[in-house]
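Have a look at the structure below before the remarks.
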Amino acid sequence: MKRMLWLSVGLLMGVSLSCSFFFPETEPLASHAGIVRLSSSGSFDYTVALEEPRDVYFVFSAAPSYSGAQVVSVAPLMVDGVRLPQPGALRLPAVFPEPASIEARIANENARLARLLLSRGTRRTLPRAALTPSEMRADTVGETDAFYDVADTIRSVSATCRYVGTEDTPQGLRTLSIWVADDQWGTITQAMVDELAARFLSSGLDNDIYDWLTTILGPEWGGHPYVDLIPFDGGITIFLTDIGNDGSTEGGIVGYFAAIHQFKNEYLQQYGESPVSNERVMFTIDAPMYANDGGDGMWTPSDEWPKIVFSTLVHEFQHMINFYQKTVLRGGISEVWLNEMCSQVAEDLLADKVGVEGPRGVDPQVGGPGDPGNTGGRIPYYNQYTYLPLMKTEGFDLLDYATTYAFGAWTVRNFGGAFFLRRVVQSPYGGKDAVEKAVQEAGGVYTTMADLVAQWAVAVLTSDRTDMPEGYRYNTGTWFTSTLGGTEYRLGSIDFFRYYRRTEDGEVISEPGPVVYEGEDPLGELSAASNVFYAAARSFTGKKTFHLTVPQGVITHVVILPPR
């Protein structure tokens, strides 16, 4: 078989180059694709000689270098004189400035309370926690109470209990209570309440969100050594209200988990905090969005917004479990990007079971990558903003959800499926170390975050292929499967080139695939833990030398593909 690539390296400025071939040069992929990693920085020449028409890409990946809050000084990133987005540094994960959105404020507040608990919480020695609590929660239908909505401006909301059910689960007995704000009753009906209960916790095993997610991650609450936190009573509460009192039926915060509700108010006061805990293991769901019938006057669980709410139940439940498993039991604190990644991976893993498109944005019963021109899910936003940083802790917003999902979707499909999510959540590490350890335990070849960010970028660029080796797979043409606790979990294939792009305002750009620069002035910066795709040649045959200037801390891949 003929060699596909011929490599010539020029030595400039005393820089010595070395290359590693992920696919052996003498054994290219079936349709003659190739990937080369250049393990050098500085200024140098790179030459290709191609006997058949090929597209030549350079993929630049900035390492997640955290050196305090100081900005790293770097040289320009250039190919043949074209200046690309410049690498920069992020602040330390512990730095949480004023967030740009309510969602970010809630996430940052949960992290702040976790730090408060670990630094000031009072611990006591307890025997090993039992699965069944000594006293079960005893809410009753028709009971009234007041709940704090802490999404934006803190407010007290009058509510009535509309559902109580106790079921056996893999984690022992659990009691689900659903409370509805009094001013939303009528908008919310009993049928809607019963459907929500059936989706989250119903009779029988392995048939609801609670069972499916706790089989992966473990229980959401249980015995613990902190007198500051509420005891284990086996109860979970879902509170339906108009979050933020904004009246919106199709946009805004669909739901949230606030860790403050698992603190005792007496201890919050001792900390100098406002005593606004509901003292329940709970999360809050937006009532107007859940009740949105799409305008036809006939609400069904298959309407768009109810399905979004069901997926949100999974998302927020991961946050709830994460607080207990990582912080309370193991003394770790999830950085915002990691916690949101885990919630979206949880949605992805359960999408076909819950019957929702989820963050992938594809029919939940379709294992393939779906139809071209897809504008659903998170990926269209990622396609438009591929250069944004992954490990962001400042002002986390809509676009950051897209970036963390794109990365999480790759890791979970390549490094163990449901096992990967369990390893990350049940780790004492709260940032990149959790991902690195999970990949290492799954047998990954590259286990540093710098290498993983670079490997991920190549996987995105080659996601329209079904013949990629392990570690680079988004798309096999069918399901990725993993089995944990006797339950099979399925993840559908992803092809980024079957998605259009969306701007942060939601405008659809009818161009498929991720943004690939081709000589125009790029927008934004290449920050730490981010990537830039550059098309150096299209349908090229012959020999060509490229001059590159690559800063320290940036990994470069050359990707040779048949023309698209």
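Quick notes
- All helices (runs of 4 or more DSSP H) inside segment 384-466 with 1 or more residues being closer than 14 Å to Ser61 by Cα and either modelled with pLDDT under 95 or of a type in the set (D, E, K, R) (or both): 449-461
- Qualifying residue in segment 175-185 (condition: touching a Lys or Arg at 6+ places or on another chain (Cβ under 7 Å) and within 13 Å of Tyr290 (Cβ to Cβ)): yes
Residues are listed down the side, and each one gets a yes or a no for (1) modelled with pLDDT of 85 or more; (2) surrounded by fewer than 19 Cβ atoms within 10 Å (Cβ to Cβ):
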site: Tyr46; (1), (2): yes, no
site: Glu52; (1), (2): yes, yes
site: Ser65; (1), (2): no, yes
site: Asn108; (1), (2): yes, no
site: Arg115; (1), (2): yes, yes
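- Residue under evaluation Asp194, criteria (1) surrounded by 20 or more Cβ atoms within 10 Å (Cβ to Cβ); (2) acidic (Asp, Glu); (3) free of Cβ contacts under 8 Å to residues at least 60 places away in the same chain, criterion not met: (1)
- Considering Ser134, Ser119, the condition of being over 26 Å from Gln269 (Cβ atoms), of a type in the set (Gly, Ala, Ser), surrounded by fewer than 19 Cβ atoms within 10 Å (Cβ to Cβ) and at pLDDT below 95 is satisfied by Ser134 alone.
- Inter-residue pairs, beta-carbon under 6 Å, first closer than 14 Å to Asn414 by Cβ and without any contact (Cβ under 8 Å) to a residue 12 or more places away in the chain and in segment 437-465, second part of a helix (DSSP H, G or I) and of a type outside the set (S, T, N, Q), 6+ apart: Thr447/Glu436; Thr447/Val439
- Taken over segment 206-237, the criterion of being among the β-branched types (Val, Ile, Thr) and under 23 Å from the mean Cα position of the chain (by Cα) is satisfied by Ile209, Thr214, Thr215, Ile216.
- Test result for Ala442, of a type in the set (Gly, Ala, Ser), crowded, with 22+ Cβ neighbours inside 10 Å and closer than 22 Å to Asn322 by Cα: no
- Of the criteria (1) out of contact with any Leu (no Cβ under 7 Å at 6 or more places or on another chain); (2) outside any strand (DSSP E or B); (3) not acidic (Asp, Glu), which one Thr237 fails: (2)
- Residue identified as touching a residue at least 12 places away in the same chain (Cβ under 8 Å) and acidic (Asp, Glu) among Asp505, Asp495: Asp495
- Answer from Val281, Val254, Val227 - the residue that is touching a strand residue (DSSP E or B) at 6+ places or on another chain (Cβ under 9 Å) and surrounded by fewer than 17 Cβ atoms within 10 Å (Cβ to Cβ): Val227
- Among residues of segment 295-334 being charged (D, E, K, R) and either touching a His at 6+ places or on another chain (Cβ under 6 Å) or in contact (Cβ under 8 Å) with a residue 60 or more places away in the chain (or both), the one that is surrounded by the fewest Cβ atoms within 10 Å (Cβ to Cβ) is Arg330.
- Selection count, segment 258-275, where residues are among the aliphatic types (A, V, I, L, M), in a helix (DSSP H, G or I) and touching a residue at least 24 places away in the same chain (Cβ under 8 Å): 2
This table checks each residue for (1) small (Gly, Ala, Ser); (2) in contact with a Pro (Cβ under 8 Å, 6 or more places away or on another chain).
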| position | (1), (2) |
| --- | --- |
| Ala291 | yes, no |
| Ile333 | no, no |
| Asn339 | no, no |
| Glu357 | no, yes |
| Gly367 | yes, no |
| Thr375 | no, no |
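- When restricted to residues that are touching a helix residue (DSSP H, G or I) at 6+ places or on another chain (Cβ under 8 Å) and over 14 Å from Val56 (Cα atoms), segment 525-552 contains 3.
The values are calculated or read from the model by the stated rules, or taken from the named source; none is laboratory data. These numbers come from a predicted model, not from an experiment. Here Cβ is always computed from backbone atoms with ideal geometry, including for glycine, and neighbour counts include all displayed protein chains.
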